[in-house]
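Okay, so here's the structure we're looking at.
The values are calculated or read from the model by the stated rules, or taken from the named source; none is laboratory data. Note that this is a predicted model, so its numbers are computed, not measured. Here the Cβ is made from the backbone with ideal geometry for all residues, glycine too, and neighbour counts use every protein chain on show.
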Amino acid sequence: MNSNAVWTSFSTIIRREVRRFMRIWPQTLVPPVITMSLYFVIFGSLIGSRIGEMGGYSYMEFVVPGLIMMAVITNSYANVVSSFYSAKFQRNVEELLVSPTPNWVILAGYVLGSVTRGLIVGLVVTLIALSFTSLSVQHIGITIAIVLLTAVLFSLAGFINAIFANSFDDISIIPTFVLTPLTYLGGVFYSIELLSPFWQGLSKLNPILYMVNAFRYGVLGVSDINVVWAFAGVLSFIVLLFAWGLHLMTHGKRLRH
Amino acid sequence: MTAALSIRNLQKTYDNGFRALNGISFDVQPGDFFALLGPNGAGKSTTIGIICSLVRKTAGQVSIFGIDIDENFPAAKQMLGVVPQEFNFSQFEKVYDIVVTQGGFYGMPRKLAEERTEKYLKQLGLWDKRGTQARMLSGGMKRRLMIARALIHEPKLLILDEPTAGVDIELRRSMWTFLQEINREGTTIILTTHYLEEAESLCRNIAIIDKGDIVENTSIKSLLKTLNKEVFILDSRDTLDECPDLKGFEGRLLDDHSLEVTVEKGQSLTELFAALGEQGISIVSMRNRANRLEELFVSLLAENKQLEGEE
């Protein structure tokens, strides 16, 4: 395939992915917006007003970046894992496999389609947050870069989950038992300064802590961790997961017998 | 002349140890309408899976119009269209979107993909259903949708894996006409089917595969010439009480208006009708008991089974 054909194929995959999640918007776009709105009302407004300041900001201001990031992470992951597994289940993934589209384009197309949903949900959640508090972004470049890279990272993870999944149960195990606990314990609702040294050390093994804090640093200018580590970690994981995903597509036996 | 499809010593052993292909070889010439026949589990779908990259071969060589799939699979895929046995499109997508999207996967500019989609959906009688979700289509429409999708990039080689399974007779005939038309226009077609009448009507050459081996690979005409006997059903105008004397032909009375007669190679139907005429029996219609190709197919498979038993 020449570069024009590769681009056409790539944009076709993204177009189809976007069409898919827009077609079922009551399942894909509305629930995260409702959930996050409830978080803003309950934790930010009702309980938050009694908590006082955290990291030098009101609790509502503190919690908003974490909740935006949480929405981006869960939606990036959920979109690709559901879409690619459905394509496997209905066998329409074969439409792509029999075509001359290179494997890396298939992977990149699904990932970018999923990133699109993550970012749309993140944007809507941000707009809702603005009705509760004002946000003045301190480092726009860092904010955009970390949210984009995080969405890419979790889209890749979701894609790999979908390749391994053999049933619809398999696509909910990781989000329920891994992603949700790590996100809740990843500094979305609190600063790890509140924890004892032992729990602080343990929290630093949680990769989501770095992404949430890097995003919070971009928005508020405060972070529990060194932002450089966050970028280094996210980029490293992206390279690793992309290579793994590509290997599974090229040599794995889960898509081709 | 470069073969449209060339398969050499193709082998496939699945992870569970099942040996699906034992090293098959055959060629399909450009412009041919080729039948790949065999009973269930013979290795037809595995062969097709390997050709279109859904199954990895264990050994052997596959070339599409001279392009070895091991050397340049994307270029080979560009010339190949596949209509699988089972529905493999998203049930929730619209007919139009499914076909246009497939064009995109082949790198076709959107405008061209849309033009071709209109062309093929119209030719296959699906244009009125373009805005319908695929799950709402009837079985026959779904099959035609897969044909339209496979043709969107106008492949030189089209493989159809049981395209008329579960399709009513009228629709099957219209699909035959359509396939014959695109074959006349130059598309090489490989067809697998369980309807041997279909293979006999459409195809010029044939390969029969059984238990991972090619047991016959020839032209349909040559194959039919090897038929040693044919069994006919004759319907008489008058009531028959017993089987008449057929003067050397083997026959039996099926009911009071029907005779089953076996005509050996070398025997003439004129002699049969003469014998019947002498006894005042008037025949109003006549048909083969079974499709001729079907009789050969069954006998070839039986021979193969016998050979295996002897080994």
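Brief remarks on what is shown
- Residue satisfying condition, being modelled with pLDDT of 95 or more, in contact with a Lys or Arg (Cβ under 8 Å, 6 or more places away or on another chain) and under 21 Å from A:Leu246 (Cβ atoms), within set A:Gly113, A:Gly109: A:Gly113
- In this entry, A:Leu96 is excluded by the filter for residues that are modelled with pLDDT of 90 or more and more than 30 Å from B:Phe87 (Cα to Cα).
- Pair list, Cβ under 6 Å, 6 or more apart: region A:1-24 residue at the interface with chain B (Cβ under 8 Å from one of its Cβ atoms), other residue buried (at least 20 other Cβ atoms within 10 Å of the Cβ) and charged (D, E, K, R): none
- Of the residues making up region B:70-99, just one is more than 9 Å from chain A (Cβ to nearest Cβ), assigned to a strand (DSSP E or B) and surrounded by 20 or more Cβ atoms within 10 Å (Cβ to Cβ), namely B:Val83.
- In region A:50-92, the residues that are surrounded by fewer than 24 Cβ atoms within 10 Å (Cβ to Cβ), among the aromatic types (Phe, Trp, Tyr) and more than 30 Å from B:Glu86 (Cβ to Cβ): A:Tyr57, A:Tyr59
Results for (1) part of a strand (DSSP E or B); (2) assigned by TED's automatic domain parsing to the domain that holds B:Lys44; (3) touching a strand residue (DSSP E or B) at 6+ places or on another chain (Cβ under 6 Å), shown as yes or no for each residue.
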| residue | (1), (2), (3) |
| --- | --- |
| B:Asn183 | no, yes, yes |
| B:Gly186 | no, yes, no |
| B:Glu200 | no, yes, no |
| B:Val261 | yes, no, yes |
| B:Thr270 | no, no, no |
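- If you go through region A:74-104 and keep only what is within 11 Å of A:Ser114 (Cβ to Cβ) and either more than 14 Å from every other protein chain (Cβ to nearest Cβ) or of a type in the set (D, E, K, R) (or both), you end up with A:Asn75, A:Ser76, A:Tyr77, A:Ala78, A:Asn79, A:Val80, A:Val81.
- Scanning region B:179-222 for residues that are on the phi > 0 side of the Ramachandran plot and surrounded by fewer than 22 Cβ atoms within 10 Å (Cβ to Cβ) returns B:Gly186, B:Lys211.
- You will find that of B:Gly125, B:Gly103, B:Gly107, the residue that is more than 18 Å from the chain's Cα centre (by Cα), on the phi > 0 side of the Ramachandran plot and buried (at least 22 other Cβ atoms within 10 Å of the Cβ) is B:Gly107 and no other.
- Number of the exception - A:Thr183 against (1) loosely packed, with under 13 Cβ neighbours inside 10 Å; (2) more than 22 Å from A:Leu246 (Cβ to Cβ): (1)
- Scan of region B:21-41 for residues that are closer than 23 Å to B:Lys221 by Cα and either assigned to a loop (DSSP other than H, G, I, E, B) or not assigned by TED's automatic domain parsing to the domain that holds B:Pro74 (or both), ordered by number: B:Gln29, B:Pro30, B:Gly31, B:Asp32, B:Gly38, B:Pro39
- Residues in region B:103-127 that are within 14 Å of another protein chain (Cβ to nearest Cβ) and of a type in the set (Phe, Trp, Tyr): B:Phe105, B:Tyr106.
- Yes/no for B:Asn72 being farther than 22 Å from B:Asp213 by Cα and free of Cβ contacts under 8 Å to residues at least 12 places away in the same chain: yes
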